[in-house]
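Chemist: Take this structure, written in structure tokens, and hold onto it; I'll ask about it next.
The values are calculated or read from the model by the stated rules, or taken from the named source; none is laboratory data. Quick caveat: nothing in here was measured; it's all calculated off a predicted structure. Note that we place each Cβ from the backbone using ideal geometry, even for glycine, and neighbour counts take in every protein chain shown. Surface areas here come from the heavy atoms of the whole protein model, side chains and all, with no ligands, DNA or RNA. Shrake-Rupley method; radii C 1.70, N 1.55, O 1.52, S 1.80 Å.
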Amino acid sequence: MNKIVIKDWFRFFAPRFLCLALILGLLVRIVLILHPVTTVDWGFADWMKIIFLGFLNDVFFSAFALVPAFLVYSFFSDFFFKKPAGYIVFGLWAALTLYVFLFNDITDEYGGPLPRIVKAVLTLILVCYGIKLFVPAVRATWHKVAVYILMMLYASLSVTIAFSEVVFWEEFGVRFNFIAVDYLIYTNEVVGNIMESYPIVPMFLGVFVVAAIICALMVRGKKLAGAGVGSLRSWLINLCCLAAACFAGYFWLHNDFRNWGSTNQFATQIHQNGCWDFLEAFASNELNYEQFYAVIPDEEADAMQKQMCNMNADGITPVRDDNQPIRKNIVLVTVESLSADFLTRYGQEADITPCLDTIMNKGLVFDNLFATGNRTVRGLEAVTLCIPPSAGASLVKRPDNLDFFSTGALLEGMGYSPIFIYGGDSYFDNMGAFFRKCGYEIWDKKMYDASAISFSNIWGTADEDSYREAIGLLDKAWEAGSTVFAHIMTISNHRPYTYPEGRIEYDGNAMSRKAAVKYTDWAIGKFISDASSRPWFKETVFVIVADHCASSAGKTSVPLDGYHIPAVIYAPGFIEPAAVDKVCSQIDIMPTLFSLLHLSYDSRFYGADILSPDYKERAFVATYQDLGYYADGILTVLSPVRSVRQFKVSRDQDGGFKESLMEEEEPVTLKEAQAFYQAVNKMY
């Protein structure tokens, strides 16, 4: 049987890749709709809308995905290897590669291994092109092999991305977003995390086999005659078609047409294209607030924000206390991914937090406290700077972050020694640089006693090791007569959920989230128990608060259930056990503690003393784009592009939060939200 000879490879490959992308996109959407995380009952109309919009989103993104293939295909033409064109192209590419090596470019703004990857790719292309240019005999075979490799690469990436989207949905309840961007940049931790969490070798073998089958089906009955581009006319037609598709795709994807008619957050996420969402998140590390959000006049926003925060014209809130300040060590523990619903106090039936349950019964508990975001850096930002979250990346991550007014700097000015203790590498998420600028000494894994580390995974040491280091530092400070502010960031309650053996008994999968929570709880209990035997224990206040919830998935973009976290101030003999039912925020924890210690200072915090009779109940909850403000039973969400939504919040029978979209705006709460977020984004 004679095979059909294919002379124009791109014209052959493009429609087949489009079919592959559409099939995989449809399969992924069906899986996400049926996934347990997706807690929505779907009707026939919902299915049709998701499939139709998903089809268009995948079609338009596929045009962009084909651009690299078209560029490679274009360089198969003999034109690019003739004099002088070949030498001109080689010289231009060499100049570009040299520029990237010698000067900063956009990849350097993201840090991590990304700049090295870009340099390696540019160098590889330069070398390959040079060999083909100066050794013409290898050119034909090289091109033929290249198209097979390229097809395998496209097929493998398509299958891998489809699988990754399902895994990402299981973890976060959304398509690829800013979190995926962060995880790509910090490849060491993320690749290690994947290696420890999944059977990676069988998975990649499976992907390779599936990709090989796809490619075999593509070329079945076909013969690729080299890898030519056909005629110049054929190349120009392909170029015009691809350019038109990319232009239409950009218009569709970059505007809100891709979310046409969507009000349910799950539906919006499912019909979107995850790769496009990823690229948008990559590009929007910082968002121009005035460009993307509904704003009010700056003067009005500034005046309202200062009034709500009791600030003077210089942006300062004079905090004065007539009592003598109480000088005690402060130990702030921000616990990784500890949702409130893991605790028995908030409805958990499995007994996985006995130590925290006991501590909360003996401390000052804030039962309606909400995290500002869904990433560790948001929680660190909230308790350190005591300000609402900004649009885009957290201030912790921004390489050009300023000298902030922070809890550490404030306490350092009062004679405290601020220390940030972290069992991993503090370069991750720019934590080390951020806390140094805020006046902290950094004590990360590199400083730990390596011989004493009980367990370590890709993220860092087990929680008990960080607590042991903290106790050692507090022992030394006590002997030296100094007062310490120790901020401990935990790690263990994070995938792959591994920890030292023999610490807990768990009836079930030992590498599950609940098992990790139980170990996290055990480590906190041991820390408090060990600390209680130290002479400095009675002179120390412990603050235990989650950095964020385990998941922020829900029917709305900022579901309150996904931001409700536990928080307790614990100091037996000093802090009387009590429960505070006020709606409050992570940004209020430290100002409340400072009030309990009777500290007087000039504050630039937006956070306030929760226990004050003048305290205005409100909470700030946000993703990197959607900025939520919860007050007076209304959740206001400000989003790009100048979108405003308000939800009436009520409690269900299980104690969770039910959010109903309001048809009419409530202007007072809306202006409060705009004033807070506009002021903080303008300032920082």
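Chemist: Only one of (1) open to solvent by 10 Å² or more (accessible area, probe 1.4 Å); (2) outside any strand (DSSP E or B) fails for Ile442. Which number is that?
Modeler: Just one mismatch for Ile442, condition (2).
Chemist: Which one of Gly460, Gly415, Gly408 is at pLDDT 90 or above, at positive phi and crowded, with 23+ Cβ neighbours inside 10 Å?
Modeler: Gly460
Chemist: Looking at segment 590-597, is at least one residue in a loop (DSSP other than H, G, I, E, B), over 19 Å from Leu411 (Cα atoms) and not aromatic (Phe, Trp, Tyr)?
Modeler: no
Chemist: Hey, can you tell me all the residues within segment 498-517 that are open to solvent by 50 Å² or more (accessible area, probe 1.4 Å) and either part of a helix (DSSP H, G or I) or touching a Phe, Trp or Tyr at 6+ places or on another chain (Cβ under 6 Å) (or both)?
Modeler: Arg503, Met511, Lys514
Residues are listed down the side, and each one gets a yes or a no for (1) exposed (fewer than 13 other Cβ atoms within 10 Å of the Cβ); (2) hydroxyl-bearing (Ser, Thr, Tyr); (3) in contact with a Leu (Cβ under 9 Å, 6 or more places away or on another chain):
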{"residue": "Ala301", "(1), (2), (3)": "no, no, no"}
{"residue": "Asn312", "(1), (2), (3)": "yes, no, no"}
{"residue": "Ile316", "(1), (2), (3)": "no, no, no"}
{"residue": "Leu332", "(1), (2), (3)": "no, no, yes"}
{"residue": "Glu336", "(1), (2), (3)": "no, no, no"}
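Chemist: Could I ask something else about it? Filter segment 533-587 for residues that are part of a loop (DSSP other than H, G, I, E, B) and among the basic types (Lys, Arg); which is modelled with the highest pLDDT?
Modeler: Initially, segment 533-587 is screened for residues part of a loop (DSSP other than H, G, I, E, B), giving 533-536, 547-559, 563, 565-566, 571-577.
From the residues that got through so far, the ones that are among the basic types (Lys, Arg) too are 534, 555.
Values: Arg534: 97, Lys555: 62.
Checked segment 533-587; the qualifying residue modelled with the highest pLDDT is Arg534.
Chemist: Out of Pro68, Pro36, report the one residue that is outside any helix (DSSP H, G or I) and open to solvent by 30 Å² or more (accessible area, probe 1.4 Å).
Modeler: None of the other options fit; the residue is Pro36.
Chemist: Residues being open to solvent by less than 10 Å² (accessible area, probe 1.4 Å) and either more than 21 Å from the chain's Cα centre (by Cα) or not aliphatic (A, V, I, L, M) (or both): count how many of those fall in segment 427-439.
Modeler: Adding up the residues that qualify gives 5.
Chemist: Okay, next question. What is the residue count in segment 65-105 for residues that are over 29 Å from Trp276 (Cβ atoms) and of a type in the set (Gly, Ala, Ser)?
Modeler: Of the residues in segment 65-105, 6 are over 29 Å from Trp276 (Cβ atoms) and of a type in the set (Gly, Ala, Ser).
Chemist: Does Ala619 count as farther than 25 Å from Gln291 by Cα and either at pLDDT 95 or above or open to solvent by 50 Å² or more (accessible area, probe 1.4 Å) (or both)? Break it down stepwise before answering.
Modeler: Working: farther than 25 Å from Gln291 by Cα: no; either at pLDDT 95 or above or open to solvent by 50 Å² or more (accessible area, probe 1.4 Å) (or both): yes.
It is false that Ala619 is farther than 25 Å from Gln291 by Cα and either at pLDDT 95 or above or open to solvent by 50 Å² or more (accessible area, probe 1.4 Å) (or both).
Chemist: Run down Ala350, Ala371 and say which single residue is surrounded by fewer than 24 Cβ atoms within 10 Å (Cβ to Cβ) and not aromatic (Phe, Trp, Tyr).
Modeler: Only one candidate passes the filter, namely Ala350.
Chemist: Still on this structure: Enumerate the helices (runs of 4 or more DSSP H) found wholly within segment 286-390, keeping only those where 3 or more residues are among the β-branched types (Val, Ile, Thr).
Modeler: Passing ranges, in order: 376-385.
Chemist: All but one of (1) touching a residue at least 40 places away in the same chain (Cβ under 8 Å); (2) under 16 Å from Asn430 (Cα atoms); (3) buried (at least 24 other Cβ atoms within 10 Å of the Cβ) hold for Arg398; state the number of the condition that does not hold.
Modeler: Single failed check for Arg398: (3).
Chemist: Only one residue in Tyr87, Tyr73 is buried (at least 17 other Cβ atoms within 10 Å of the Cβ), part of a helix (DSSP H, G or I) and of a type outside the set (A, V, I, L, M, F, W, C). Which one?
Modeler: Values: Tyr87 fails: buried (at least 17 other Cβ atoms within 10 Å of the Cβ).
Residue meeting the stated conditions: Tyr73.
Chemist: Moving on. So which of Thr353, Thr372, Thr358, Thr317 is among the β-branched types (Val, Ile, Thr) and within 21 Å of Ser512 (Cα to Cα)?
Modeler: Sole residue among the options that is among the β-branched types (Val, Ile, Thr) and within 21 Å of Ser512 (Cα to Cα): Thr353.
Chemist: Being part of a helix (DSSP H, G or I), closer than 23 Å to Gly502 by Cβ and in contact with a strand residue (DSSP E or B) (Cβ under 7 Å, 6 or more places away or on another chain) is the filter; apply it to segment 468-491 and report the residue that is least open to solvent (accessible area, probe 1.4 Å).
Modeler: Ala470
Chemist: Let me spell it out: the conditions are (1) open to solvent by less than 10 Å² (accessible area, probe 1.4 Å); (2) assigned to a helix (DSSP H, G or I); (3) within 22 Å of Trp522 (Cα to Cα); (4) in contact with a Lys or Arg (Cβ under 8 Å, 6 or more places away or on another chain), and Gly424 meets all of them except one. Which number is the exception?
Modeler: The one condition Gly424 does not meet is (2).
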